[in-house]
Amino acid sequence: MLDRLRERIRAARRRAGRIERREVNEFRRWLETTSNLTRVSVLLFVPLLMGFVTLLSQLVPNISFLLFPPLASSTYTLFADPEGRYADPRRFVGGLTLGAFCGWLALEATAIAYGVSPTTMDVHASGAALAILFTGVSTWLLDLELPTAFSTALLVLLTGNAQLAYLAGVLVSSLVVAGVFVAWRRQFYEQRARYLYQTTQGDDHVLVPMRGEHVTETAMFGARVAAAHDAAKVVLLDVMDERTVAQATRARLDEGVENPEECAQEEVAAEAARELERHAAHIETRVGVPVEVVVAVDRQAPAETVFDTAERTNCDLVVTPYEEEDDATSPFVRTILRGPVDAIAFRSATGSTTWKRVMVPVRTASDLAHAMIDYAARLAGHAGTVSVCTCIDHERERRSAESMLANLVETIECRSETRVSRSSIESFIERNDAHYDLVVLGASSNRSAASRVVSPPTFSRIDDVETDVAVVHRT
């Protein structure tokens with residue numbers, strides 16, 4: 001009784017652990033979208049910074065609470081759009097401080113004109129007008145234009161005898177916020193691919209099932225994907241067909257050999273290994289990554305053999321030749337593209353083994369889009385170009401589409417471009433395929449069967465393209 005209870009507790013803990021890991025992975029993938037990352041950063045940093053600046057202000061007398069509305073608004077702008085026009089620390093600090101200085105200067109000028117002390121003067125219409133005028137002219141001439149500069153210019157008029165303390169508070173507080181923002185942007189936001197995007201940290205142990213007519217091109221494709229990482233490794237897999245083994249066994253029986261089945265397996269395996277070693281030597285010479293060879297016996301479904309081999313050889317990416325049966329994707333490739341391991345189905349149309357101009361059509365920003373772009377950047381290298389594209393239905397969608405693409409390409413180091421088209425994705429690819437060596441598409445493996453019937457996957461609608469195609473699946 002007690003043993004059963006303990007076993008149930010252990011099982012419950014294992015289930016809870018799996019659920020927790022799944023939730024963490026889902027949250028991490030959600031963060032891979034730049035807009036989600038900036039939202040989380042705003043919710044985290046703006047309250048903390050405002051609380052910290054408020055704490056500092058309480059240590060200094062005469063600092064008015066009027067400091068905080070423009071500071072909070074500007075801080076939100078910094079973290080919400082870290083690559084935008086106003087996400088410049090110099091503009092942030094200079095604009096806020098210059099606005100407060102112009103407001104103080106306008107107050108002094110108005111007090112002199114009316115012959116009263118600035119500390120006793122009430123807010124006057126002429127003072128407010130001068131504050132806005134001085135701020136607009138000075139921020140324009142010094143290239144420090146910032147919307148909230150006008151707020152600090154007006155609010156300083158309400159600070160009574162604490163104008164200079166307000167001015168100093170704006171300068172110090174904005175410096176604190178700008179310092180945190182610069183550290184966050186340099187150390188995390190600009191390095192987010194390293195911390196968040198799982199393909200940049202893995203997918204460097206690549207398993208290549210050697211099947212079909214284009215095994216050489218597919219193996220070279222997998223090797224170049226792996227070669228971008230220092231810990232790269234390629235495993236070439238050949239699965240012995242049981243019919244081939246059976247034929248060899250019958251031949252050994254006719255020769256009267258002892259243990260004919262064992263001898264036949266060894267002979268078939270040796271022949272397959274020699275062929276794999278030839279490919280391995282070619283890859284190591286051309287690409288410079290270590291290559292292992294594995295020969296397995298097909299005692300189950302071929303795709304399951306691939307998954308088992310990937311687990312045994314510690315491979316986190318499968319690159320398989322694309323196959324068709326009856327004008328549709330073969331069952332083997334479909335299983336690989338829905339399996340528990342990241343996968344790429346590669347269709348060679350040119351026989352090329354280098355890909356320097358790569359097109360990556362995407363629908364939305366997602367972990368799959370980042371993975372596709374990462375693979376494209378690995379293949380293109382520093383000398384190549386990655387073109388990230390999307391198609392829209394209406395012109396009003398163009399600006400948001402351009403912003404999405406800009407966020408996607410920020411994380412890669414090779415040369416890149418973005419393109420937005422009003423045409424359908426298949427017609428766009430067919431019109432432009434001659435300009436590219438490779439098109440990288442998503443497998444849409446998370447879509448339902450009904451969705452696939454209504455709108456078939458893109459890769460099944462572009463049979464006529466005359467360039468190589470890679471279909472990417474993310475687990």
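The values are calculated or read from the model by the stated rules, or taken from the named source; none is laboratory data. Everything quoted here is computed from the prediction, not taken from an experiment. Here Cβ is always computed from backbone atoms with ideal geometry, including for glycine, and neighbour counts include all displayed protein chains.
Things worth noting here:
- Test: Val358 is in contact with a Phe, Trp or Tyr (Cβ under 7 Å, 6 or more places away or on another chain), in a strand (DSSP E or B), under 22 Å from Glu430 (Cα atoms) and in contact (Cβ under 8 Å) with a residue 12 or more places away in the chain: yes
- Some residue of region 36-48 being of a type in the set (Gly, Ala, Ser), assigned by TED's automatic domain parsing to the domain that holds Gly94 and modelled with pLDDT under 80: no
- Pair list, Cβ under 7 Å, 6 or more apart: region 78-90 residue closer than 15 Å to Trp184 by Cβ, other residue small (Gly, Ala, Ser) and assigned to a loop (DSSP other than H, G, I, E, B): Leu78/Ala87; Asp81/Ala87
- Any hit, region 301-311, residues being surrounded by 14 or more Cβ atoms within 10 Å (Cβ to Cβ) and free of Cβ contacts under 8 Å to residues at least 60 places away in the same chain: yes
- Put simply, of Arg347, Arg419 the only residue that is more than 27 Å from Ala232 (Cα to Cα) and among the basic types (Lys, Arg) is Arg419.
- Filter result for Val341 (in contact (Cβ under 8 Å) with a residue 24 or more places away in the chain, of a type in the set (A, V, I, L, M, F, W, C), within 28 Å of Thr313 (Cβ to Cβ) and surrounded by fewer than 19 Cβ atoms within 10 Å (Cβ to Cβ)): yes
- Conditions (1) part of a helix (DSSP H, G or I); (2) crowded, with 22+ Cβ neighbours inside 10 Å; (3) of a type outside the set (A, V, I, L, M): number failed by Thr390: (1)
- Residue, farthest from Ile373 (Cα to Cα), within region 399-432, restricted to residues that are touching a residue at least 40 places away in the same chain (Cβ under 8 Å) and of a type outside the set (A, V, I, L, M, F, W, C): Asn432
- Screening Ala369 against (1) over 12 Å from Leu441 (Cα atoms); (2) part of a helix (DSSP H, G or I) leaves a single unmet condition, (1).
- Selection status of Glu426, within 27 Å of Glu284 (Cβ to Cβ), of a type outside the set (S, T, N, Q), out of contact with any strand residue (DSSP E or B) (no Cβ under 7 Å at 6 or more places or on another chain) and surrounded by fewer than 23 Cβ atoms within 10 Å (Cβ to Cβ): no
- Close pairs (6 angstrom Cβ cut-off, 6 or more residues apart or separate chains): at pLDDT below 75 in region 104-129, of a type outside the set (Phe, Trp, Tyr) and surrounded by 17 or more Cβ atoms within 10 Å (Cβ to Cβ) anywhere: Pro118/Leu107; Pro118/Ala111; Met121/Ala111; Val123/Leu157; His124/Thr110
- Any chance Leu175 is of a type outside the set (Val, Ile, Thr), outside any helix (DSSP H, G or I), closer than 26 Å to Val40 by Cα and assigned by TED's automatic domain parsing to the domain that holds Phe101: no
- For Arg194: the one exception among (1) modelled with pLDDT under 80; (2) more than 25 Å from Val40 (Cβ to Cβ); (3) of a type in the set (Lys, Arg): (2)
- Checking Ala401, Ala443 one by one, the residue that is small (Gly, Ala, Ser) and within 21 Å of Asp468 (Cβ to Cβ) is Ala443 and no other.
- Only one of Glu397, Glu325 that is modelled with pLDDT of 90 or more and either over 20 Å from the mean Cα position of the chain (by Cα) or in the same structural domain as Val439 (by TED's automatic domain parsing) (or both): Glu397
- Restricting attention to region 124-149, the residues being of a type outside the set (Asp, Glu) and surrounded by fewer than 20 Cβ atoms within 10 Å (Cβ to Cβ) number 13.
- When residues in region 197-211 are screened for being outside any loop (DSSP other than H, G, I, E, B) and at pLDDT below 65, 4 of them pass.
- When Ala369, Ala376, Ala401 are checked against the criterion of being under 23 Å from Ala310 (Cα atoms), surrounded by 15 or more Cβ atoms within 10 Å (Cβ to Cβ) and in contact with a strand residue (DSSP E or B) (Cβ under 8 Å, 6 or more places away or on another chain), Ala376 stands alone in meeting it.
- From the options Thr353, Thr320, residue that is at pLDDT 90 or above, of a type in the set (Val, Ile, Thr) and outside the structural domain of Ala434 (by TED's automatic domain parsing): Thr320
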